[in-house]
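A short write-up of the structure that comes next.
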Amino acid sequence: MLGEPPAKRRDIDPIAPTNHPWNLPATLELPHCSCKPEERYVAIPREANLPIDTEAKRVVARVSTAVVAVASIDADGDQLRKASGFVVEFDEASMIGTVFSSATIAKRDCFFPNFEKIKVYLFDGASYDATIIACDYHWNLLVLSVSFDKVVKTMSMKLVELSENRNSRNPRLERCSLLPHSACENLCPGDTIIGLGRWAEEPFGLQANCGVYSTERWTAFHRLCQEMQKATFLNTYTAIGGPAINRNGRVIGMLFQSRTCTPFLPSNIILRWWGHFKNTGKYCRPTIRVFGVNLHNAQSSPWVKVPTTLHEGLEGLLVELPPRAALSVGLQQKDLIIQCNGRRVATSLQLFEILVGNIGKMVELTVIKAEDGTAHSINLPVEETEEEKFYSWPISSYHGGFF
């Protein structure tokens, strides 16, 4: 944990039993570099996660001060919910910064008293009251405005979209995944991912957990976010809202939490959602109401039994639960969506990228029929997701329910 000597570690997840693997940290000192004393320790679990090598520790040290802790505060000044976040914008003229975090922090429910304000904590423990700019419970995204009294580092130039790949990369080429002047990062199975978070209590240490990217489906529950990507490491609830970075220090998503892995919301969604909000003042939640699975993960579906030979040699989004409106125009279970408006669709994330620019319009899907393998065109409207259809998320650091 950055800034905390081993004898003073406070890194026990409040919801997990104390003998859980991710509550058995190994504190490693960063190699000699230009980092400050508070950046010299990284806590990583001994058993659940991969070790962080020397070069990756240097990357962590370079970006660590842009990682913040976030907490909601009650009327007595006590912390309610805790999460992490990262600074994405900072204006030196006004000294105002913008922080991305998890909307879990701002959720009101019967388990907690109402919060009075939200605080952001830097690596040195300095705390600042934050103002909510945007709070979207569908994507679980929270944007805060903070008036700082000193210059802070940001991750604005490091936030990039990712391009999903199913083929593993030569490990020697992993550091070359971002083309010069490109805003898109290639992500392949087995690529290193490091999740960063910060504790909202003294000594405000940094969490750094390491694993690899997996193309496996993280959940088949239709109320959970299907666009999520999967990393193999485990993290604590307080790391929710922190950045997922690769070996280059590029932010490829925002961390969430699961018992068996770490799902992360890809930067593609965050950047497009934020751009849409800044341009229109509205949230961006496109849907065609079709629940599907990436074809390469279809064997994991609890909703349909898919023969391994079905759609063999193709890529696309396999329909699991079509809505009535889609059934009425010929879209059926096990059909394969391969294009939307003439653009290739191999994953739910790629479909989102097309839908986001077509809210309120009709889109044309190219579908391969399950019964005979023929291609058909189907038109469906792109709608805004209704509140009762929002994705479900863990509600707090201390309760295992969902909102």
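Scanning the range 237-272 for residues that are closer than 19 Å to H138 by Cα and either among the basic types (K, R) or part of a loop (DSSP other than H, G, I, E, B) (or both) yields I240, G241, G242, F256, Q257, S258, R272.
Looking only at the range 98-154, which residues are of a type outside the set (D, E, K, R), surrounded by fewer than 22 Cβ atoms within 10 Å (Cβ to Cβ) and over 24 Å from S392 (Cα atoms)? Scanning the range 98-154 gives T98, G125, A126, S127, Y128, T131, S145, S147, F148, V151, V152, T154. Of the residues screened, Q226 is one that is at pLDDT below 95 and under 18 Å from T347 (Cβ atoms). Being assigned to a loop (DSSP other than H, G, I, E, B), open to solvent by 50 Å² or more (accessible area, probe 1.4 Å) and without any contact (Cβ under 8 Å) to a residue 60 or more places away in the chain is a property that K305 has.
Would it be correct to say that N165 is more than 15 Å from the chain's Cα centre (by Cα) and open to solvent by less than 70 Å² (accessible area, probe 1.4 Å)? Here the answer is yes, as N165 does meet what is asked.
Filtering the range 262-275 for residues that are modelled with pLDDT under 95, over 24 Å from A134 (Cα atoms) and surrounded by fewer than 22 Cβ atoms within 10 Å (Cβ to Cβ) leaves an empty set. Restricting attention to the range 236-254 and to residues that are closer than 19 Å to G190 by Cβ and not β-branched (V, I, T), the residue that is surrounded by the most Cβ atoms within 10 Å (Cβ to Cβ) turns out to be A244.
If only residues of the range 351-379 that are closer than 16 Å to F291 by Cβ and surrounded by 19 or more Cβ atoms within 10 Å (Cβ to Cβ) are counted, the one that is nearest to the chain's Cα centre (by Cα) is F352. A count restricted to the range 102-149 and to residues that are of a type in the set (D, E, K, R) and under 28 Å from Q226 (Cα atoms) stands at 4.
For every residue, the table says whether it meets (1) farther than 25 Å from L380 by Cα; (2) within 12 Å of the chain's Cα centre (by Cα); (3) at pLDDT 95 or above.
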{"position": "R198", "(1), (2), (3)": "yes, no, yes"}
{"position": "P286", "(1), (2), (3)": "no, no, yes"}
{"position": "G292", "(1), (2), (3)": "no, no, no"}
{"position": "S300", "(1), (2), (3)": "yes, no, no"}
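Scanning the range 365-382 for residues that are more than 12 Å from I338 (Cβ to Cβ) and not in a loop (DSSP other than H, G, I, E, B) returns N379, L380, P381.
Residues that are modelled with pLDDT of 95 or more and assigned to a helix (DSSP H, G or I) occur at least once in the range 66-85. Applying the criterion of at least 1 residues that are of a type in the set (V, I, T) to the strands (runs of 3 or more DSSP E) found wholly in the range 94-168 leaves 96-102, 117-121, 127-136, 141-147. Of all the listed residues (G342, G275, G249), the sole one being on the phi > 0 side of the Ramachandran plot and out of contact with any helix residue (DSSP H, G or I) (no Cβ under 6 Å at 6 or more places or on another chain) is G342.
The values are calculated or read from the model by the stated rules, or taken from the named source; none is laboratory data. Source: prediction; values computed, not measured. As a convention, Cβ positions derive from the backbone with ideal geometry for all residues, glycine included, and neighbour counts pool all protein chains shown. Just so you know, the surface numbers come from the protein's heavy atoms only, side chains and all, with ligands and any DNA or RNA stripped out. Shrake-Rupley method; radii C 1.70, N 1.55, O 1.52, S 1.80 Å.
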